[in-house]
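Below is one structure; the comments refer to it alone.
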Amino acid sequence: MMDPAPPKDVIDIPDADYGDIPRATLLDLYHYVRLTREVELQLINLFKQSKVVGGLYPGYGHEATTVGTALALGPDDVLLPLHRDLGAHLARRQPAKFIFAQYMGKATSPTHGKDGNVHLANPELNIVGCISHIGAMLPVAVGISYAGRLLGKSVVTMSYVGDGGSSIGEVHEALNFAAVLNVPFVLVVENNRFAYSTPVDRQYKVRHISDRAAGYGMVGDRVDGNNVLAVYAAARRAVERGRRGEGPTMLECETVRMLGHSVHDAAKYVPPELIEAGRRRDPVARYESYLLRKGVLQPAEVEDWTRRLHREVAEAVEWAEQSPLPEPADAGRGVFAEPGEGACLH
Amino acid sequence: MPVLTYLEAISQALREEMRRDPAVVCLGEDIGAYGGAFKITEGFQQEFGEERVLDTPMAESSIVGMAIGMALRGLRPVAEMQFADFISLAFNQLVNNAATLHYRFGFKVPLVVRCPSGGGVHGGPFHSQNPEGFFFHAAGLKIVAPATAADAKGLLKAAIRDDNPVLYMEHKYLYRRVRDEVPAEDFVVPLGQAAVRRPGRDVTLVGYGSTVGMSLEAAARLATQGLEAEVVDLRSLVPMDLETVLGSVRRTHRAVVTHEDRRRGGIGAEVAAEIAEQALEHLDAPVVRVAALDTPVPFSPPLEQFFLPSAEKIVEAARRVARY
């Protein structure tokens, strides 16, 4: 499959203090940013073969933001990803085959075809999928963290909005609730500079979205969203802050939306210089280059990884393609939970 | 058996459920320290603590959103809208989020939203609404509307124990005006079960919430005119017990459906359509609806009286179908 935005002249991840990150985690981060890219490229490929039902909203370029944040959570924490957060799903161990089954509307998708693209959950992995209305999951996240605390557990919730979504009223309500109730909630603001065709200077007046955090009485932070180590370190700080009972964090990750809003969108409104800057800061290429430079990985291991990922993703696609479509009459089932049957977060 | 007001019955049900199950929590504006705008949660914070009786900031969509999250994570939240009218702010959370979480993801959402609804209290357009119609049309929300104090207790318990989102339409006008025997012990009124409040052979009067009392009053007046009306209290709007309604119509052959919500596209239209579709051969007259005008709720008493249904309007409708 052809990479639609191949990186060129990659700008290195700066040497900095990213906290003490064990090698296993460095490799986890590597695995998931690569897996995310690989799944994304396969999805684009499948879309071009008309094997994807409906739309495809690529998160190409968001890998560091989505993987770096989601990997900072523990198993009892809860992830509420949005439509461009494929990397968050995968980093949380959502099986890639479920992603493909979702996009193909198959009966074996976690939603059994009831919803599509990245609108999927996984109660065992403590993932709650979203609805299309941006911001709607934020008060839900606040409630989940609050419930955890009432039940005597530390449950950090993490959810996402984009630069566009940050304008929605419910986002402000939820941040206010989170601050007043002092819950461990991390809001990742994926600032990729465009909300569909709307550039940020038509979206907000503040210089940085995270500047608003002070207005809610909560902590705001801002990082290079194309540097997975910076993202991971900042996400860890936010999660730990929540665990210590010090409340919510707004973490703005600055990135670039490399492809259109959806694959149908040629995105001619995005200045080519921005795409070029994004290409040079490709999160996957930069991180791989960093790990090679630091000797965490050897070139042979990189090749090995590539082979394994191709195989893993090919198997996932195969599984989804072989899966049946749902029974038509299933459309009328499952509106309500029967007693004792519905799933719960844990 | 103890006699309680409708309001006391709601409070008692909520208190008993909170004692019975530590997962039951309340949230809303002014419900904790203040005891609630209608004092239904008076004393609750002292008994159950601030965490289980949570005073929230003012944002109805986030109150419901937060309650959804609490429900997903193992609590059984009872969110209060200070007035049912404000539920419009939570429309998205209810209709798109709460209502679809099981269908799409298999989660249970054991959430109750208490909605002090209804007019006749000089509340004007935004403190008198009966918004159940908007949510009746959604897929994935259950709705109950008690008319008696006993049902206020039993239906709230059932709603709290249901693993699905339930809108509980508590009618403000009935708070202190309805008073009846309420069993002291633990009991539930199952969702999806209507009740025949008065047997009769000449016409079926269907109602819920405030219109059950009106229908009973109408039935008393009709009896003096030689017409025996059967009054069916729906109690539960989703799921709705149509069988009881149809069974009644098959015997009386005439039906009048009354609700305080507006006429156009109100729940009465659904009941009328179902009767026509499933019992046409039993009908001797068209099904007639008595409902509020298709206007916002007006404020000044003569306007509001004209707007609202009444026993008199039900009597008139019943006589019309009897004469057909």
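In the stretch B:159-184, how many residues are of a type in the set (A, V, I, L, M), more than 13 Å from the chain's Cα centre (by Cα) and closer than 26 Å to B:Ser88 by Cβ?
Total satisfying the criteria: 1.
What is the one condition in (1) buried (at least 23 other Cβ atoms within 10 Å of the Cβ); (2) out of contact with any Leu (no Cβ under 6 Å at 6 or more places or on another chain); (3) within 22 Å of A:Leu138 (Cβ to Cβ) that A:Gly61 does not satisfy?
Here A:Gly61 meets the rest and fails (3).
Can you name every residue in the stretch A:4-36 that is touching a Ser or Thr at 6+ places or on another chain (Cβ under 9 Å) and of a type in the set (Val, Ile, Thr)?
Filtering the stretch A:4-36 for residues touching a Ser or Thr at 6+ places or on another chain (Cβ under 9 Å) gives A:10, A:12-13, A:32-34, A:36.
Answer for the stretch A:4-36, where residues must be touching a Ser or Thr at 6+ places or on another chain (Cβ under 9 Å) and of a type in the set (Val, Ile, Thr): A:Val10, A:Ile13, A:Val33, A:Thr36.
Would you pick out the residues in the stretch A:115-129 that are buried (at least 22 other Cβ atoms within 10 Å of the Cβ) and either out of contact with any His (no Cβ under 6 Å at 6 or more places or on another chain) or more than 9 Å from chain B (Cβ to nearest Cβ) (or both)?
Quick first cut of the stretch A:115-129, residues buried (at least 22 other Cβ atoms within 10 Å of the Cβ) only: A:115, A:118, A:120-121, A:126-129.
Result: A:Asp115, A:Val118, A:Leu120, A:Ala121, A:Asn126, A:Ile127, A:Val128.
Any residue that is facing chain B (nearest Cβ under 7 Å), in contact with a Phe, Trp or Tyr (Cβ under 9 Å, 6 or more places away or on another chain) and without any contact (Cβ under 8 Å) to a residue 60 or more places away in the chain - is there at least one of those in the stretch A:101-113?
yes
Going by what's in this entry, would A:Leu187 be described as within 14 Å of chain B (Cβ to nearest Cβ), under 30 Å from A:Pro14 (Cβ atoms) and at pLDDT 95 or above?
Judged against the criteria, A:Leu187 is a match.
Please verify whether B:Val78 is of a type in the set (Val, Ile, Thr), more than 10 Å from chain A (Cβ to nearest Cβ) and over 21 Å from B:Gln129 (Cβ atoms), treating the condition exactly as stated.
Here the answer is no, as B:Val78 does not meet what is asked.
With respect to B:Ser210, determine if the residue is closer than 24 Å to B:Tyr324 by Cβ and surrounded by 23 or more Cβ atoms within 10 Å (Cβ to Cβ).
no
Looking at the stretch B:1-75, what helices (runs of 4 or more DSSP H) fall wholly within it and have at least 2 residues that are more than 10 Å from every other protein chain (Cβ to nearest Cβ) and more than 17 Å from B:Leu111 (Cα to Cα)?
B:6-20, B:44-48
Pick from the stretch B:224-252 the residues that are of a type in the set (Gly, Ala, Ser) and touching a residue at least 12 places away in the same chain (Cβ under 8 Å): which of them is surrounded by the fewest Cβ atoms within 10 Å (Cβ to Cβ)?
B:Ser248
From the residues in the stretch B:63-99 that are without any contact (Cβ under 8 Å) to a residue 12 or more places away in the chain and under 12 Å from A:Val142 (Cβ atoms), which one is surrounded by the fewest Cβ atoms within 10 Å (Cβ to Cβ)?
Step by step, filter the stretch B:63-99, then rank; the result is B:Arg73.
Looking at the structure I just gave you, is B:Asn96 assigned to a loop (DSSP other than H, G, I, E, B) and in the same structural domain as B:Leu7 (by TED's automatic domain parsing)?
no
List the pairs whose first member sits in the stretch B:299-318 and is surrounded by fewer than 17 Cβ atoms within 10 Å (Cβ to Cβ), whose second member is assigned to a helix (DSSP H, G or I), and whose Cβ atoms are under 8 Å apart, counting only residues at least 6 apart or on separate chains?
Listed by first residue and then by second, the contacts come to B:Glu312/B:Ala218.
Table: residues versus (1) over 30 Å from B:Arg19 (Cβ atoms); (2) charged (D, E, K, R); (3) part of a helix (DSSP H, G or I).
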site	(1), (2), (3)
B:Gln82	no, no, no
B:Ile87	no, no, yes
B:Ala90	no, no, yes
B:Tyr103	yes, no, yes
B:Cys115	no, no, no
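Could you say whether any residue in the stretch A:143-153 is within 8 Å of another protein chain (Cβ to nearest Cβ) and polar (S, T, N, Q)?
Checked the stretch A:143-153: at least one residue is within 8 Å of another protein chain (Cβ to nearest Cβ) and polar (S, T, N, Q).
The values are calculated or read from the model by the stated rules, or taken from the named source; none is laboratory data. What you see is a predicted model, and the numbers here were worked out from it, not measured in a lab. Note: ideal-geometry Cβ built from the backbone for every residue, glycine included; neighbour counts use all protein chains shown.
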